[in-house]
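Novice: Sharing a structure with you now.
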Amino acid sequence: MLLKDKVAVITGAASARGIGKAVARLFAAHGGRVAILDLDEAAAVAAAADIGAGHIGLACNVTVKADCERAAKEILQRLGQVDILINNAGITQPLKIMDIQPENYEAVTDVSLRGTLYMSQALIPHMRSRRSGSIVCLSSVSAQRGGGIFGGPHYSAAKAGVLGLARAMARELGPDNIRVNSLTPGLIQTDITAGKLTDEMKVEILKGIPLNRLGVADDVANSCLFLASDLSSYLTGVTLDVNGGMLIH
């Protein structure tokens, strides 16, 4: 029970086969109470109910600062505290560099980068008041290797920005005993990738993965649990790769 008496907030966690939902399920199994945030309120509520009693689901648009603050306030009112924040919300678009329009750039960077900033800002004052907290930011291997399978250059840029933001937060918040770390998943089989990978694509992709399999959401959830819990109490500012060896550096 690594998260007994802990409360975790997870953004973008309502999708049934998504990383966020897998994290929420694992955190609950380890004794944590979870607040699932998603654009779709009904889906967030249903996801929380599916995990079990004591968890909550709320609507939140992480690109709107006031919405993040409203959600944070409601979570604190209903659950009493927040110990962990998982900045998971993100979207991707498979566009080439010359096809990226202003609206594409804004959509992708807003959710991943602005959303990470705003949701962190909404909960940092509470964590500071308790001198305790763990923030985990979801980046991507595409930020490290300059592109992935399904994300365009603007996605790589947004996820690289998440790494820089997380490291800067780690330096600033360390004296408050708030840890900030990042995860860089490789190709993970979720609703985002469902139906897009042909058998031929899988064969080619696996040639570049030493562990010879695609990742699943639980692989990322397990790493989230490590960074969120006291198992990693002396880690801050780290980037933990979860990619089966796709990128070794």
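Novice: Are any of the residues in segment 178-197 among the polar types (S, T, N, Q), farther than 22 Å from Gly245 by Cα, in a loop (DSSP other than H, G, I, E, B) and out of contact with any Gly (no Cβ under 8 Å at 6 or more places or on another chain)? Walk me through how you get there before you give the answer.
Specialist: Going through segment 178-197, the residues among the polar types (S, T, N, Q) turn out to be 181-182, 184, 189-190, 193.
Pick out the ones that are also farther than 22 Å from Gly245 by Cα and you get none.
No.
Novice: Taking the condition of being under 16 Å from the mean Cα position of the chain (by Cα) and surrounded by fewer than 22 Cβ atoms within 10 Å (Cβ to Cβ), how many residues in segment 89-117 meet it? Please lay out each step first, then the result.
Specialist: Applying the first criterion (under 16 Å from the mean Cα position of the chain (by Cα)) to segment 89-117 yields 89-92, 108-117.
This time we only want the ones that are surrounded by fewer than 22 Cβ atoms within 10 Å (Cβ to Cβ), so: 91, 109-111, 114, 117.
Adding up the residues that qualify gives 6.
Novice: Within segment 26-35, can one find any residue that is touching a residue at least 60 places away in the same chain (Cβ under 8 Å) and surrounded by 21 or more Cβ atoms within 10 Å (Cβ to Cβ)?
Specialist: The initial filter retains those residues of segment 26-35 that are touching a residue at least 60 places away in the same chain (Cβ under 8 Å), namely 26-27, 30.
From what is left, the residues that are surrounded by 21 or more Cβ atoms within 10 Å (Cβ to Cβ) are 26-27.
Taking every residue of segment 26-35 in turn, at least one turns out to be touching a residue at least 60 places away in the same chain (Cβ under 8 Å) and surrounded by 21 or more Cβ atoms within 10 Å (Cβ to Cβ).
Novice: Applying the selection to segment 95-125, what residues are in a loop (DSSP other than H, G, I, E, B) and either free of Cβ contacts under 8 Å to residues at least 24 places away in the same chain or under 20 Å from Ala217 (Cβ atoms) (or both)? Working first, answer last.
Specialist: Filtering segment 95-125 down to residues in a loop (DSSP other than H, G, I, E, B) leaves 95-96, 100-101.
Gln101, the sole residue that qualifies.
Novice: Kindly indicate whether any position in segment 38-51 is closer than 17 Å to Leu85 by Cα and either at pLDDT below 95 or touching a helix residue (DSSP H, G or I) at 6+ places or on another chain (Cβ under 7 Å) (or both).
Specialist: Yes, because at least one residue in segment 38-51 is closer than 17 Å to Leu85 by Cα and either at pLDDT below 95 or touching a helix residue (DSSP H, G or I) at 6+ places or on another chain (Cβ under 7 Å) (or both).
Novice: Another question about this same structure. When only residues in segment 213-242 that are at pLDDT 95 or above and part of a loop (DSSP other than H, G, I, E, B) count, which is surrounded by the fewest Cβ atoms within 10 Å (Cβ to Cβ)?
Specialist: The selected residue is Tyr234.
Novice: In the set Arg145, Arg128, Arg171, which member is surrounded by fewer than 19 Cβ atoms within 10 Å (Cβ to Cβ), in contact (Cβ under 8 Å) with a residue 24 or more places away in the chain and out of contact with any Ser or Thr (no Cβ under 9 Å at 6 or more places or on another chain)?
Specialist: Arg128
Novice: I'm trying to understand the selection: among the residues of segment 74-88, which are among the charged types (D, E, K, R) and either within 22 Å of Ala16 (Cβ to Cβ) or surrounded by fewer than 16 Cβ atoms within 10 Å (Cβ to Cβ) (or both)? Outline the logic, then answer.
Specialist: Of segment 74-88, the ones among the charged types (D, E, K, R) are 74, 78, 83.
Selection gives Glu74, Arg78.
Novice: Of all residues in segment 1-27 being among the charged types (D, E, K, R) and within 15 Å of the chain's Cα centre (by Cα), which is modelled with the lowest pLDDT? Walk me through it before giving the result.
Specialist: The initial filter retains those residues of segment 1-27 that are among the charged types (D, E, K, R), namely 4-6, 17, 21, 25.
Okay, now just the ones that are also within 15 Å of the chain's Cα centre (by Cα), so 17, 21, 25.
On the way: Arg17: 91, Lys21: 97, Arg25: 98.
Here the answer is Arg17.
Novice: If you go through segment 152-176 one residue at a time, how many are in contact with a helix residue (DSSP H, G or I) (Cβ under 9 Å, 6 or more places away or on another chain) and either over 17 Å from Arg114 (Cβ atoms) or β-branched (Val, Ile, Thr) (or both)? Full working, then the answer.
Specialist: Narrowing segment 152-176 to residues in contact with a helix residue (DSSP H, G or I) (Cβ under 9 Å, 6 or more places away or on another chain): 152-163, 165-166, 169, 173, 176.
Within this subset, residues satisfying the condition of being either over 17 Å from Arg114 (Cβ atoms) or β-branched (Val, Ile, Thr) (or both) are 152-153, 162, 173, 176.
Residues in segment 152-176 being in contact with a helix residue (DSSP H, G or I) (Cβ under 9 Å, 6 or more places away or on another chain) and either over 17 Å from Arg114 (Cβ atoms) or β-branched (Val, Ile, Thr) (or both): 5 in total.
The values are calculated or read from the model by the stated rules, or taken from the named source; none is laboratory data. What you see is a predicted model; the values in this text were computed from it and never measured. As a convention, Cβ positions derive from the backbone with ideal geometry for all residues, glycine included, and neighbour counts pool all protein chains shown.
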